[in-house]
1. From the set of residues in region 51-60 that are surrounded by fewer than 19 Cβ atoms within 10 Å (Cβ to Cβ) and not small (G, A, S), which is farthest from the ligand (Cβ to nearest atom)?
2. Show the residue pairs that are 6+ apart or on different chains and have beta-carbon atoms under 9 Å apart, the first residue being within region 54-68 and within 14 Å of W16 (Cα to Cα) and modelled with pLDDT of 95 or more, the second being away from the ligand (no atom under 14 Å from the Cβ) and open to solvent by 50 Å² or more (accessible area, probe 1.4 Å).
3. Tell me, please, whether a residue that is among the acidic types (D, E) and either under 30 Å from R3 (Cα atoms) or outside the structural domain of V196 (by TED's automatic domain parsing) (or both) can be found in region 109-126.
4. Can you list the helices (runs of 4 or more DSSP H) lying wholly within region 70-137 that have 3 or more residues being away from the ligand (no atom under 12 Å from the Cβ), buried (at least 16 other Cβ atoms within 10 Å of the Cβ) and charged (D, E, K, R)?
5. Going by the conditions given, is M47 at pLDDT 95 or above, more than 11 Å from the ligand (Cβ to nearest atom), open to solvent by less than 30 Å² (accessible area, probe 1.4 Å) and outside any loop (DSSP other than H, G, I, E, B)?
6. I'd like the full set of residues that are of a type outside the set (S, T, Y) and farther than 17 Å from R19 by Cβ, limited to region 85-98.
7. For region 186-198, state whether one or more residues are within 15 Å of M121 (Cα to Cα), open to solvent by 70 Å² or more (accessible area, probe 1.4 Å), touching a Lys or Arg at 6+ places or on another chain (Cβ under 9 Å) and touching a residue at least 24 places away in the same chain (Cβ under 8 Å).
8. Of (1) more than 16 Å from P172 (Cβ to Cβ); (2) open to solvent by less than 10 Å² (accessible area, probe 1.4 Å), P65 satisfies all except one. Which?
Amino acid sequence: MDRYRLLIGNRNHSSWSLRGWLAMRLSGLPFEVEVVPLFRDDTAARMAAFSDAPARVPVLRRDGPGGDLVVWDSLAILEHAAERAPEAGLWPTDPDLRAEARAVVAEMHSGFTALRTHMPMAIRERIDGRQGRPGVQADIDRVFALWRRCLARHGGPFLFGDWSAADIFFAPVAARFRSYLVLVPEDLAPYTEAVVAHPHVREWEAEAVREPWVVEIE
Ligand SMILES: N[C@@H](CCC(=O)N[C@@H](CS)C(=O)NCC(=O)O)C(=O)O
C-alpha cells in the first residue's frame with residue numbers, strides 16, 4: 001500500500017494542518033507526520049526541502065510505486081483522502097447532503113477572515129478579550145447560524161450526523177471558541193464540546209501540549 005507523509009506546522013497553532021491531519025486520520029490511510037516549526041528563520045527552507053509546493057502547511061506527499069504525488073492544500077488533501085478511502089465517511093453518501101456539506105466546508109475554507117486573523121488557533125492556551133476585534137462577532141454569529149442549521153437538519157451529534165469533513169473543517173473553530181473563552185449558546189455547547197472531545201482532536205491536542213515551541217500571539 002502507498003505510504004504518505006504529511007508535513008504540518010506547530011500543532012498548537014496550525015489550524016490548516018489540523019484539518020489536513022484530521023482528514024488523513026479519519027481516512028485510515030497509513031501516513032507519517034513531519035513537523036516544521038512555523039515563524040522561524042529556517043521555516044521556508046524546511047518546507048522547500050519537503051516538496052516543491054508553496055511555503056505553506058499542510059502538504060501531503062506520496063512517493064513510490066503508486067506514483068509521486070504532492071498535495072498542498074487542506075481541502076485537496078481531504079478530497080484525496082475521501083477518494084482513496086470512500087468507506088471512511090468523510091463526505092455523506094447522499095448527493096444532496098454531500099453538496100450541502102461541501103458548501104459548509106467551502107465557506108470555512110474561503111471565509112471567516114476576521115476570526116482567523118484575530119483569534120489564531122492556540123489549542124493549548126486560554127486567552128480572553130478578543131471578541132471586540134473588528135468583524136469577529138459577525139464571524140462568530142455566522143458560525144453559530146451555520147452549526148444550528150446543520151444540527152437541526154441532520155440531528156447531530158455532529159454537523160451531518162457522524163464525524164465528517166464538515167466537523168473536521170470547523171474543529172479549529174471549536175478549539176478557538178474554547179481558547180478565547182467565547183460564550184457558546186446553550187443549544188450549541190454540546191456540539192462544541194463533542195468536537196474538542198473527539199478522540200482525534202484530543203490526540204492532536206496531546207501532542208500540541210508536548211510541543212516545545214512558544215509563539216507570541218500579539
Ligand atoms: N489554503 C491553505 C492555507 C494554508 C496556510 O495558510 N497554512 C499556514 C499555517 S496554518 C502556513 O503555512 N503559514 C506559514 C506561512 O505563511 O509562512 C490550506 O488550506 O492548506
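The values are calculated or read from the model by the stated rules, or taken from the named source; none is laboratory data. Not measured: the values here are computed from a predicted model. Note that each Cβ is placed from the backbone with ideal geometry, even for glycine, and that neighbours are counted across all protein chains shown. The accessibility values were calculated without ligands, DNA or RNA, using every heavy atom of the protein model including side chains. Shrake-Rupley method; radii C 1.70, N 1.55, O 1.52, S 1.80 Å.
1. Only one residue tops the list, namely D52.
2. Within 9 Å, the pairs are V59/R5; L60/R5.
3. Start the filter on region 109-126 by keeping residues that are among the acidic types (D, E), which leaves 125.
Imposing the further condition that a residue be either under 30 Å from R3 (Cα atoms) or outside the structural domain of V196 (by TED's automatic domain parsing) (or both) reduces the set to none.
No, the conditions are met nowhere in region 109-126.
4. Where helices (runs of 4 or more DSSP H) fall fully within region 70-137 and carry at least 3 residues being away from the ligand (no atom under 12 Å from the Cβ), buried (at least 16 other Cβ atoms within 10 Å of the Cβ) and charged (D, E, K, R), they are 95-110.
5. Values: at pLDDT 95 or above: yes; more than 11 Å from the ligand (Cβ to nearest atom): no; open to solvent by less than 30 Å² (accessible area, probe 1.4 Å): yes; outside any loop (DSSP other than H, G, I, E, B): yes.
No.
6. P86, E87, P92, D94, P95, D96, L97, R98
7. Checking region 186-198: not a single residue is within 15 Å of M121 (Cα to Cα), open to solvent by 70 Å² or more (accessible area, probe 1.4 Å), touching a Lys or Arg at 6+ places or on another chain (Cβ under 9 Å) and touching a residue at least 24 places away in the same chain (Cβ under 8 Å).
8. (2)
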